[in-house]
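The values are calculated or read from the model by the stated rules, or taken from the named source; none is laboratory data. Just so it is clear, the model here is predicted, and its values are computed rather than measured. Don't worry about glycine lacking a Cβ; one is built from the backbone with ideal geometry, like all the others, and counts go over all protein chains shown.
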Amino acid sequence: MRTLFLLGCLVLVGCGSFRPQSDYQVVIDPTFTPEQLDAITAGLQVWQTKFAGKGLNLSVSIAPCSDAEAQTCLVPNHDTDTSGATFILGMTHCNVGGGSYIQLYVDRYPTVVAQVGGGETLHHVLERTATHELGHALMGPEHLAAGNLMSASYTDQKDNPTPTDMAHFWGVR
């Protein structure tokens, strides 16, 4: 059985300049399918709900990314290679200007659904991956222990930020 990993920011290279902010302009590429857009926006809503009135503001639009240095851009990646012992479901590159470039490997998710089983759906895999990757844009490259949203392994992640995830969020500010 493959161990499924979600790789966040390129280990210290891509996020060495990570700067936490309170306001994020999140831009979702319009080439995602309607079903994918629904799952991604549900994942973003997790963060919006968790921090409602607590100093984190996400302005979300569906449009081509025009300023990757300042915006948090979510784009599809159609690479289907899952031949390694582990494979990436999402990757976040943090930019010097405070923005992030998040790639979601949407064509790999059917393999995840087949391997994980247990009623897993494409919508759920994409929603959790988007939630996790946005967590990197908000908190930097670190992964947390199993049992948290920010765990490196998909099968060890929670769907929503845990108290440990929340403590990490506030700890990087």
Checklist outcome for this item: Going through the stretch 32-73 in order, the residues found to be among the charged types (D, E, K, R), at pLDDT below 95 and closer than 20 Å to residue 149 by Cβ are 50, 54
Checklist outcome for this item: Scanning the stretch 42-68 for residues that are touching an Asp or Glu at 6+ places or on another chain (Cβ under 9 Å) and β-branched (Val, Ile, Thr), the one farthest from residue 22 (Cα to Cα) turns out to be 62
Checklist entry - In this structure, is residue 101 modelled with pLDDT of 85 or more, within 12 Å of the chain's Cα centre (by Cα) and under 21 Å from residue 153 (Cβ atoms)? => result no
Checklist entry - With (1) in contact (Cβ under 8 Å) with a residue 12 or more places away in the chain; (2) closer than 27 Å to residue 33 by Cβ as the list, and residue 172 as the residue in question, which single condition is left unmet? => result (2)
Checklist entry - Among (1) modelled with pLDDT under 95; (2) among the small types (Gly, Ala, Ser); (3) part of a strand (DSSP E or B), where does residue 16 come up short? => result (3)
Next on the checklist: Of all residues being assigned to a helix (DSSP H, G or I) and free of Cβ contacts under 8 Å to residues at least 60 places away in the same chain in the stretch 20-68, which is farthest from residue 90 (Cα to Cα)? Just the residue, please.
Outcome noted: 49
